[in-house]
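Can you keep this structure in mind? I'll have questions shortly.
Since every read-out is calculated from the coordinates, none of them should be taken as a lab result. This is a predicted model, so every value here is computed, not measured. Every residue, glycine as well, gets a Cβ built from its backbone with ideal geometry; the counts of neighbours run over all protein chains shown.
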Amino acid sequence: MTMPRVLLADSSALARRYAGEALVQAGFIVSEAYNGMEAWEKLMAEGADLLVAEVDLAKLDGLRLLRQLRRDEAWQRLPVLLVAVAPGSHEQELARQWGVALYRQKPIPRDELVALALLLTGAAP
Amino acid sequence: MTPLLLQFIAEARELLDKGSQGILRLEQNPGDAATIHEVFRALHTLKGSCGLFDPEFAPMTRLAHAGEDLLDGVRNGKLDFSRALTDHLLAAIDRLQGWVNDMEVAEHLPADAAEVSAALVAVLRQQGQETPLPEVAPPPVAASADAWWRELPPEVLARVADRLAAPDAVAVLVDYTPDPNCFFFGEDPLHLVSQVPGLLALSLAGGLPWPLAPDTDPFQCALRFLLASSAPRAEVAARFGYVENQVRLAEVTRGDLVPAAPPRDPALMAVCFDAVLAEQRAILRLPCDATGWGERGRAVGETVARLLRHRHPEQGTTWQTLCARAEREHTLEPLRAFLHALAAPVPVAEERAAPPVETKGSAPPTEHAPARVLKVDQARIDHLLALAGELVVAKNALPYLAQAAEREFGSRPLARRILDNHGVINRLVEELQATVMQVRMLPVGTVFQRFPRLVRDTSRKLDKQVRLEMAGEETEADKNVIELLAEPLIHLVRNSLDHGLETPAARQAAGKPGEGVIRLAASQESDRVVITIQDDGKGIDPGVIRRKAAEKGLLEPAAVAALSDHEAIQLIFAPGFSTAEQVSDLSGRGVGMDAVKSAVAAMGGSVILESVAGQGTTVRLELPMTMAVNRVMLVEQNGVHYGIPLEQVVETVRISRGEVHPMGDGEAVVLRDKVLPLLHLARLLQLDHPPEARGEMAVLVVRPSGMAELALVVESLDKGLDVVLKPLDGILAGIPGYGGAALLGNGKVLLVLNLKELLHAHSL
């Protein structure tokens, strides 16, 4: 049984750990990236069923990462959960334009994150 | 100490350092917005991190929040960055740093933390406006157990769990850190590890901190092996018998590694489901064109498909069908309607009771349109159309058969009966073809509908007042024509907006209403679709065009002067004319009119531009309703049949040799009071010239698209014929002068001429 893969892109190691532990406990395979470029490279190398990314990523911010994904036909379908410390309406607009799955305030409580991951990877029965 | 807490301490220190440095900088330079933001962000992030450990860290959370609020006030200009403020903020940060240190030693906050925090918060609140701390406490972090393996990286544990089939299957976890000097004892860690029976997973971790390069001792082992095996514990332990003291073993089950997923809270799942669904609906409300589809349509398709697996698995197929349709037609409308219907959740019992009404391929259940619409793959229609076309050709064989019956078998009655039959089949085939073609027809309105937005946005950008009027949106044309039409139309409308219509001030100065009008109209004229784009702007001055044409060397000055105003204006379509930018504003047209013209010509259509300086410009596009079947005129030359597109044939006449007059290098003929140049098809095709006909000559008066009329001498004229034109491919594709080939009823291949190319090649 192969579990769905989730890629966590967050500049804070603590935030990655917090989210990662919860997802691993729920049975997901979790990879982590600390900036946008690393996230992009990990996606190319390992693939993922869901990307959870922070907007404020170094090198390639979450919104640009999303846009880059949508411009590549291979990644146009990947559900992306964007989180921001301080969500803004302009960013919300951009995220929608590029087909975000959900744009939310960070941090997402663990049980909610797991529920979202189950829904967005299609693993929820 | 848990890894999470260790991580927290390291991160909190960094953030607090950043915060205090920023505050000191602000004291020097109070207005620095970037630094204010930086300090704000540091405290904000810290607050978020503390929140992970609530309620234990609540005193820290509150203090960080109070500091953040204060900085927010400074950021918004509500507070001044005073000396006192600096002191209070630094005091708060010092206290937070002290607590982080306490935590490192004692793993918890001192007993008086809540009191101290409350006091400091009160001081900070006095400085600014009070905002209550939102009571969102994330769940406490799961307590970590003491078993050593729980500290292993989660990804390693996940991988092991992944390899264990059953929930109760047992794995032996091994943590093997070879002695740094193991190589000197004759140990071979890699070999040892490779000998472990039933190896499930292996992970290499750096066991010791790596020394700097110059100090590296290559003979030291600095590795740590983490591995899992499905073999019994005793067997694994036996393998490591010689290095017992360097190994830790633990037995785990899949259940240990992946604690049974916490019971999913249906209410929480529902909240998340609704949140994502609401976001997707918001996305679908955005306008969408072809790029928008790629940017977000597919993502919405996938996201909703996954959501449906959770709550409405039975709707999955319907959704996929809608997505496929949306993708084809680049419209999000069907998806929007579907999600709208999902918005009102149906009680489960009712949902079960209702039998599924929709079937695959039908309209979604939410659309109340009568279910008489059949959605068919376009490829099938195209195939049907191609077959109908072949039938047209096959039916054309019957007259040949009748001829043979009469000539070869001497039976005139049989020939007549064959011809009668031909008449019946002809009628049926034509009807069939027309019906299939009808299926492919789309209203022009599908192209027009994007213009209200385009005109509104562009006119606003240009500070012009423009009213768009549209008429004849219901006029139909073939899907291929409609699809190719969009681009030239956008170009023409943009030109009217950019260069045709004047600013309100200029319009009023010219005695016109400030609001300009662009009128888009479509209508059908016999088998052509006519689209006009009309504006009441400044129009085109033929004098300017003449001057520019001469300056640019497009024509000799004398030739320019000889042009009528109408002809002069058409020069705007000449390649190279409108590409110069300074021309565009003078001419009232933009660049790329030649591109419009060639796009329209490629569809078999034509463009005419009419303009009155000061009053406006009208562009008229004439397009074939369909591009599937062509009607050609058959002519014979040197014993071979050629086809000439019938829409370019003006008339057929017979003239006597005596009516031909020499003119310049060539010949001319006067027909209906017009002097037409006379050309010989044999010469154009570079065939041997047949002996001059003594008596009358067969002449076609033709008007190749975008050119003047001329007379063409052919050996003999035949009839008109419907053919399905196939483009030439392979090495034939590069030969100019041929528009394509078609199969005739007698099995011969007919070459259809492209007169414009042919004449062009000849004149070179």
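Rounded, prolate or oblate, given the Cα gyration tensor of chain B, with a/c below 1.5 counting as rounded?
Prolate, because a/c is 1.5 or more and a/b exceeds b/c.
To the nearest 0.05, how large is the calculated FRET efficiency for B:Ala222 and B:Ala169 if R₀ is 41 Å and r is the Cβ-Cβ distance?
0.80
Please give the calculated 222 nm ellipticity per residue for chain B, where each DSSP H segment of at least 4 residues contributes -39500 (n - 2.57) and the sum is spread over every residue; nearest 500 deg cm²/dmol?
-14000 deg cm²/dmol
When a/c reaches 1.5 or more, the comparison of a/b and b/c decides; with that in mind, is the range A:1-81 rounded, prolate or oblate per its Cα gyration tensor?
Since a/c reaches 1.5 but b/c is at least a/b, the shape of the range A:1-81 is classed as oblate.
Report, as an integer, the average count of C-beta atoms from other chains found within 10 Å of each Cβ along A:70-83.
Taking the mean over all residues of the peptide, I get 4.
From the phi angles alone, apply the Karplus equation (6.51, -1.76, 1.60; θ = phi - 60°) to the range A:109-121 and give each ³J(HN,Hα) in whole Hz, x where the residue is Gly or Pro.
x, 4, 5, 6, 4, 5, 4, 5, 5, 4, 5, 7, 8
For a quick check: with amide H placed at 1.01 Å from N, whose amide H comes under 5 Å from B:Ile540's, ignoring anything fewer than 5 positions away on the same chain?
Here the answer is B:Val612, B:Ala613, B:Gly614, B:Gly616, since their amide H atoms fall under 5 Å of that of B:Ile540.
5 Å is the cut-off here: which amide hydrogens, built 1.01 Å from N in the peptide plane, fall below it relative to A:Ile108, excluding neighbours closer than 5 in sequence?
Excluding prolines and chain starts, which carry no amide H, there are no hits.
Also, quick follow-up: Greater than 32 Å separation of Cα atoms is the criterion. Which listed pairs, B:Lys395/B:Lys479; B:Lys538/B:Lys597; B:Lys479/B:Lys548; B:Lys18/B:Lys78; B:Lys674/B:Lys756, meet it?
B:Lys479/B:Lys548
If you count, for each residue, the other Cβ atoms within 10 Å and average over each peptide, how do B:217-226, B:515-524, B:393-402, B:60-69 line up from highest to lowest?
Sorting B:217-226, B:515-524, B:393-402, B:60-69 by mean packing, highest first, produces B:60-69, B:515-524, B:393-402, B:217-226.
For the range B:398-540, what does the convex hull of the Cα positions come to per residue, in cubic angstrom?
Each residue corresponds to 138 Å³ of Cα convex hull volume.
Where a ≥ b ≥ c are the square roots of the eigenvalues of the C-alpha gyration tensor, would you call the range B:650-742 rounded, which needs a/c under 1.5, or, failing that, prolate if a/b is larger than b/c, or oblate?
Note, shape of the range B:650-742 comes out prolate.
Within 10 Å of each residue's Cβ, count the other Cβ atoms and sort A:Glu46, A:Glu38 from fewest upward.
A:Glu46, A:Glu38
Once label points are set 7 Å from the Cα along Cα→Cβ at both B:His37 and B:Lys726, what is their separation, rounded to one decimal in nm?
My value for the distance between the label points is 6.4 nm.
Placing +1 at every Lys and Arg Cβ and -1 at every Asp and Glu Cβ, with all other atoms neutral, what dipole size does the protein assembly as shown have around its Cα centre, in debye to the nearest 20?
2500 debye
If you don't mind, there's one more thing I want to ask. Please list, in order along the range B:427-436, the HN-Hα scalar couplings obtained from phi with the Karplus expression 6.51 cos²θ - 1.76 cosθ + 1.60 (θ = phi - 60°), rounded to whole Hz, x for Gly and Pro.
Per residue, the Karplus-derived 3J(HN,Hα) values read 4, 5, 5, 4, 5, 4, 5, 4, 5, 5 Hz.
Listing B:Ile490, B:Ile36 from the residue with the fewest other Cβ atoms within 10 Å to the one with the most, what is the order?
Lowest count first: B:Ile490, B:Ile36.
Which of B:Glu333, B:Glu474 comes first, and how do the rest follow, when ranked by fewest Cβ neighbours within 10 Å?
Ascending Cβ contact count within 10 Å gives the list B:Glu474, B:Glu333.
Taking a cut-off of 55 Å, what percent of all Cα-Cα pairs in the protein assembly as shown are separated by more than that?
41 percent
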